[in-house]
Every structure is written in C-alpha cells, then in structure tokens.
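Quick note: the coordinates plus some simple rules give every number you see, no bench work behind them. Quick caveat: nothing in here was measured; it's all calculated off a predicted structure. Cβ: placed from backbone, ideal geometry, glycine included. Neighbour counts: every protein chain shown.
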Amino acid sequence: MQIAQSLDELLAANRGKDRYTAPDFYDVDALLTEEQMLIRQSARDWVKQNLSPVIEYYAQNAEFPHHIIKGLAEIGAFGPQLPAEYGCGGMDYTTYGLLMMELERCDSGIRSTASVQGSLVMYPIYKFGSEEQRRKYLPKLASGEMMGCFGLTEPDHGSNPGGMTTRYEDKGDHVVLNGAKMWISNAPFADIAVVWAKNPEGKIKGLIVERGMEGFSTPETHGKWSLRASATGELVFDNVRVPKENILPNVEGLKGPLTCLNSARYGISWGALGAAMDCYDSALRYAKQREQFGRPIAGFQLQQKKLAEMITEITKAQLLVWRLGQLMDAGKATPAQISMAKRNNVEIALNIARESRQILGGMGITGEYPMMRHMMNLESVVTYEGTHDVHLLILGMEITGENAFT
C-alpha cells in the first residue's frame with residue numbers, strides 16, 4: 001500500500017478511534033493557566049485528528065510521516081519556548097512541556113522529532129549563535145520549512161562526549177570538518193546539522209553544516225525495534241568545507257551541547273509522562289470492558305493494584321514536571337533537577353507500559369493498542385540524552401559533592 005494513495009484512507013478509517021482521556025487524579029489542571037490549557041487542547045485535538053489515525057501504520061512500516069511536519073509547526077511544536085521575534089512561539093516552559101507531553105502521548109518518535117528541532121537545533125542557534133544566524137535559520141526552522149538535527153554522539157563516544165574525535169582545521173575563510181556522528185534523529189532528511197567538533201586547539205565548538213556541502217552525507221539507520229516512526233541516521237564528514245560564519249560564536253567547550261541537552265531532557269520528562277498516561281488510560285478502559293469469570297477484570301484485586309500504582313506514579317510525575325516548569329521559567333532549574341525528572345519519568349513510563357501490557361494479556365502485543373509500541377520506544381528514551389545510570393550519577397554528584405565519573 002503506497003503512502004500517497006493510502007493516507008486519506010488511513011485518516012478516514014481511523015479517525016475517532018483515539019478515545020484518550022488524560023488522567024488527572026490531583027487536579028493538576030488547576031495549576032495551569034487558561035492559555036496553557038488551550039494550547040494543550042489544540043495539540044491534543046491535532047494529534048487525535050492527524051497523528052493517531054496513522055501512527056501505527058508508520059511505526060509498523062518503520063517510516064517517518066513527513067506530511068505531519070507542517071502540522072507540528074502550526075501547533076507550535078518547533079521551538080515553542082523561543083522568542084516570537086524569530087518566528088517562534090514565545091511560550092513559557094510549562095507550555096513547551098505540555099506540547100511535548102501531547103506528542104509523546106501518541107508516539108515518542110514524533111516527540112523526538114520536535115524535541116531535536118526545538119531544543120537541539122533552534123535553541124543552540126538562538127543561545128549561542130550570531131544575530132545573522134538567528135535571522136537566517138530560526139524562522140524557517142520554526143515554520144518547518146527547514147528541518148535540523150544535532151550531532152554530538154559518536155560511534156565510540158556516547159556518555160563521554162568530551163572524548164569526541166570529530167574535528168576541523170582552519171583554512172582561512174573556512175574550516176575543513178572530518179569525523180562522524182551516529183544515532184542522530186532527523187538526520188536522513190535534515191536540511192542543517194548543528195555539529196559539535198574540536199577546533200585545532202582541541203576546544204569544542206558548534207558548527208552549522210548544511211545539506212549539499214560537499215563531503216557531507218547522512219546514511220539512514222535501519223533495523224530499529226524502537227522509535228520506528230522516527231528517522232535516525234549518521235552524519236559523515238569527509239573534508240567538508242564549512243564557512244567560518246557557520247561557527248556558533250558564543251560558546252566553547254562542553255557547556256554548549258550540555259546546555260542544549262538540559263533543554264531537551266526537560267521536554268523528555270514531560271514527554272515520557274505522556275506515554276505513561278496513554279498506557280494507563282488504555283489499560284483502564286480495557287479493564288472496565290474485558291470480562292473474565294463473569295465480571296470485568298477491573299474488579300479483580302491484582303488488576304486494581306496495577307492500576308492504582310500506575311495512577312500514583314503518574315500523579316507524582318505530573319507534580320514533578322509542573323514544579324520543574326516553574327523553576328525553568330524562573331531560570332532556577334539546575335541540571336540535577338532536570339536529570340531527576342528525566343530519569344524518574346522515563347522509568348515510571350517504562351514500568352507502566354509493561355504493567356499495562358500485562359493487563360491486556362495477548363491483546364497488549366498487537367498494534368490495536370499502544371502499549372508495546374510505547375514500551376519499545378521508551379527503551380530508546382531511557383538511553384538517549386543521558387542514560388538512566390548517568391542521570392543517577394549526576395544526582396549522586398549533586399547530593400554528595402563527589403564525582404563518580406572519574
């Protein structure tokens with residue numbers, strides 16, 4: 001079945017099947033502003049109308065749904081927290097989090113696409129770029145006219161980015177870049193890549209590498225069991241000539257990429273919560289309808305135990321990210337606080353995906369329900385942008401003052 005021929009049919013056949021109702025046991029909505037709830041509702045409606053009906057098809061076929069890029073831009077998912085003067089949303093961090101939650105409620109791969117665009121491409125250009133770079137790239141990235149990716153992880157350097165071997169040489173009015181990055185979301189279709197490499201003095205700098213530059217290629221990664229509706233690839237640099245005006249002028253060292261990762265990890269903490277909420281909502285609805293031994297399985301103690309533990313963890317996670325959003329807006333959030341939220345919320349989402357799958361029994365492994373897809377996706381989320389164990393050590397260093405990384 002060809003996508004071009006089937007998209008309208010998929011949408012028509014599956015619209016209305018998404019019956020998601022967000023759990024809110026502690027009335028966390030009362031802590032949100034009217035504007036925040038309106039933006040969230042717009043995103044939720046868009047997801048139900050345009051993404052939920054097709055996501056299973058794209059995940060099963062390991063394809064990224066390129067047609068949704070325009071819609072993601074229209075709901076403000078690309079750089080929502082960046083200033084409106086550059087064509088961005090000008091929203092607060094809580095609203096940014098709510099958008100990520102609604103996207104990952106449907107699929108982690110789609111949230112990853114938006115997170116990379118906003119936090120790992122647009123944010124460093126805004127934070128560390130020149131005014132000329134901001135004007136050139138940000139409006140097009142915000143509108144989805146241009147898509148980007150972020151190059152930090154290398155084949156031999158993941159949790160230790162400072163060991164990167166990608167580097168460039170000074171050639172006068174340009175530099176020559178050599179090296180490779182891998183596990184790069186959006187790479188196969190990205191128009192630009194924000195790449196972190198070492199300069200001739202061994203200092204880490206950010207460069208904007210544009211598709212079409214000779215020697216720059218982006219081979220796609222195939223055979224994934226996770227994030228199948230997201231495009232993943234490599235970045236390969238073979239004597240790529242990059243103009244010096246494409247170097248981000250206002251940062252040097254690991255501070256640059258790690259600052260970007262803090263913004264993205266914040267979005268992940270909200271996004272993973274969305275996946276957990278979707279699994280819980282699906283399991284609760286199923287448990288009320290599925291009958292065994294003459295009554296709904298929701299009436300059995302073991303199923304109630306699972307559901308009660310799920311909603312408890314979801315509620316704690318909701319309060320965690322709401323408070324973190326306040327700290328982000330006040331400029332007071334620390335990297336360790338962000339690590340706690342990312343680590344906790346991904347962990348509880350994975351546990352809820354697994355427990356909710358068990359409530360559905362055999363049906364839980366089918367594409368008719370989202371649990372197995374969420375479970376597989378979250379296996380990537382628990383690893384990327386700081387592994388589960390690395391975030392544990394970040395917290396350990398914060399509370400003890402002792403560095404266990406060395």
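Quick look at the values:
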{"read-out": "Mean Cα-pair separation over length for segment 304-372, i.e. relative contact order, pairs under 8 Å, 6 or more apart, %", "value": "27"}
{"read-out": "In segment 203-273, chymotrypsin sites (Phe, Trp or Tyr not before Pro) in a DSSP loop with at most 13 other beta-carbon atoms within 10 Å", "value": "Trp225"}
{"read-out": "C-alpha long axis of helix 301-329 to longest principal axis of the chain, angle in °", "value": "30"}
{"read-out": "Alpha-carbon spread of segment 350-406, three principal axes, descending order, Å", "value": "48, 18, 12"}
{"read-out": "Exposure proxy ranking, count of Cβ atoms within 10 Å, fewest first, for Thr232, Thr334", "value": "Thr334, Thr232"}
{"read-out": "Of the chymotrypsin sites (Phe, Trp or Tyr not before Pro) in segment 13-54, those whose Cβ has at most 16 other Cβ within 10 Å and which sit in DSSP loop", "value": "Phe25, Tyr26"}
{"read-out": "Calculated over the chain: convex hull of Cα atoms, volume per residue (Å³)", "value": "146"}
{"read-out": "Stokes-Einstein D in µm²/s, Kirkwood radius over Cα pairs - segment 3-143 at 25 °C with 0.890 mPa s viscosity", "value": "153"}
{"read-out": "Segment 148-246: relative contact order in percent, alpha carbon pairs under 8 Å with at least 6 residues between", "value": "33"}
{"read-out": "5 angstrom amide H check on Met147, placed H, neighbours 5+ away", "value": "Asp191, Ile192"}
{"read-out": "Euclidean distance between Cα centres, segment 352-406 to segment 143-197, Å", "value": "26"}
{"read-out": "Extended-chain gain in nm, criterion 0.36 nm per residue less alpha-carbon gap, Glu379 and Lys171", "value": "70.6 nm"}
{"read-out": "DSSP beta bridges in the chain [antiparallel fraction, %, rounded to 5]", "value": "85"}
{"read-out": "Environment charge of Asn262, counting only residues whose C-beta is closer than 10 Å and scoring Lys/Arg +1, Asp/Glu -1", "value": "+1"}
{"read-out": "Whole-angstrom gap from segment 267-288 to segment 1-77, using each part's C-alpha centre", "value": "14"}
{"read-out": "Ile297, Ile399 arranged by Cβ crowding within 10 Å, fewest neighbours leading", "value": "Ile399, Ile297"}
{"read-out": "Neighbourhood charge, 13 Å Cβ-Cβ cut-off, centred on Trp196 and excluding it, Lys, Arg +1 and Asp, Glu -1", "value": "+4"}
{"read-out": "Lysines with Cα under 29 Å of Lys332, excluding same-chain neighbours fewer than 8 positions away", "value": "Lys127, Lys203, Lys205, Lys255, Lys316, Lys342"}
{"read-out": "Förster-model FRET efficiency, 45 Å R0, Gln304 and Ser159, C-beta, rounded to 0.05", "value": "0.70"}
{"read-out": "Using a Förster distance of 35 Å, the FRET efficiency for Asn199-Leu319 (Cβ separation, nearest 0.05)", "value": "0.20"}
{"read-out": "Derived scalar couplings ³J(HN,Hα) [segment 390-406; Karplus, 6.51 cos²θ - 1.76 cosθ + 1.60; whole Hz; x for Gly, Pro]", "value": "4, 5, 4, 6, 4, 5, x, 5, 5, 8, 9, x, 10, 8, 8, 7, 10"}
{"read-out": "Degrees, to the nearest 10: 371-381 long Cα axis against longest axis of the chain", "value": "30"}
{"read-out": "GluC sites (Glu not before Pro) restricted to segment 324-406 and DSSP loop, no more than 13 other C-beta within 10 Å", "value": "Glu368, Glu402"}
{"read-out": "Neighbour-count ranking [beta-carbon atoms within 10 angstrom, fewest first] of Lys181, Lys342", "value": "Lys181, Lys342"}
{"read-out": "Degrees between helix 131-143 axis and first principal axis of the chain (Cα, 0 to 90, nearest 10)", "value": "30"}
{"read-out": "Charge sum, other residues only, whose C-beta stays under 11 Å from Trp225's C-beta, Lys/Arg counted +1 and Asp/Glu -1", "value": "+2"}
{"read-out": "Calculated [θ] (222 nm, deg cm²/dmol) that DSSP helices of n ≥ 4 give over the chain, each run adding -39,500 (n - 2.57)", "value": "-15500 deg cm²/dmol"}
